[in-house]
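Asker: Sharing a structure, written as structure tokens. Questions coming.
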Amino acid sequence: MLVGSLLFALGCLSGLFVGFLGAKTNRTLSALEDLASMPSTPLMADIAVDYPASTTLAKPFDLVVTLSDTGVTSHQLFTLDLNDAICDNFEVVSITPEPSETQREYGWHEYTYNTTLAPNSQLVFTLTLQPKHEGVFEGSVDAYFDDWDSLSAPVSIRVTPPN
């Protein structure tokens, strides 16, 4: 009788274990199927940032961001972002074209555009920056597109005292 009880308990535990694994496997397969069925167009684009390697404290300069679509599908640009390492040390004097909205969030300054980057075309943004402090400042410029795809480019600028 003891052996029968032990076999019954072992059978119940193995059933629970198999049921647990089956449920986990089904959820994992379901998640993978959902992911595979999502429409996705790979982001075929590049980001280039042009700026002086060094400047003086009293001299504003242009940081030019060029987004280039190298594919055959258009993409919606949501925001162009500068991280705090740049914005804490440089005043953004102007931006061309002007964004529809500006906000600071989670260590980033976000400039909202909601504009289309057409196939085989470019979007060019010119940010005029005024240094606030002397030193070497490093950060990045990021562009966020539909499907949360993003492009990022590093920025490193040396600011020296005025002559």
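Asker: Order 55-61, 124-130, 94-100 from most to least packed using the mean count of other Cβ atoms within 10 Å.
Answerer: Numbers: 55-61: 14.6, 124-130: 17.4, 94-100: 12.6.
Per-residue Cβ counts within 10 Å, averaged per peptide and sorted highest first, yield 124-130, 55-61, 94-100.
Asker: In square nanometres, what is the average projected area of the Cα convex hull of the range 29-163? Before the final figure, lay out each step's value.
Answerer: Values: hull surface 37.0 nm².
So the mean shadow area of the Cα hull is 9.3 nm².
Asker: Which percent of the Cα-Cα distances in the range 43-87 go past 14 Å? All intermediate terms of the calculation are to be shown ahead of the outcome.
Answerer: Details: 631 of 990 pairs.
For the range 43-87, the fraction of Cα-Cα distances above 14 Å is 64 percent.
Asker: Residues of the range 120-163 with the amide nitrogen closer than 17 Å to a label point 7 Å from the Cα of Asn114, along Cα-to-Cβ, please.
Answerer: Zone members listed by number: 144-148.
Asker: Label Thr160 and Val124 with points 7 Å out from Cα along Cα→Cβ: what is the distance between them in nm?
Answerer: Rounded to a tenth, the inter-label distance reads 2.9 nm.
Asker: Using only Cα atoms, locate the centre of the range 98-117 and the centre of the range 57-94, then give the distance between them in Å, rounded to an integer.
Answerer: 10 Å
We did not get these values from a lab; they are worked out from the coordinates using the rules stated. Everything quoted here is computed from the prediction, not taken from an experiment. Counting neighbours? That spans all protein chains shown, and the Cβs are built from the backbone with ideal geometry, glycine included.
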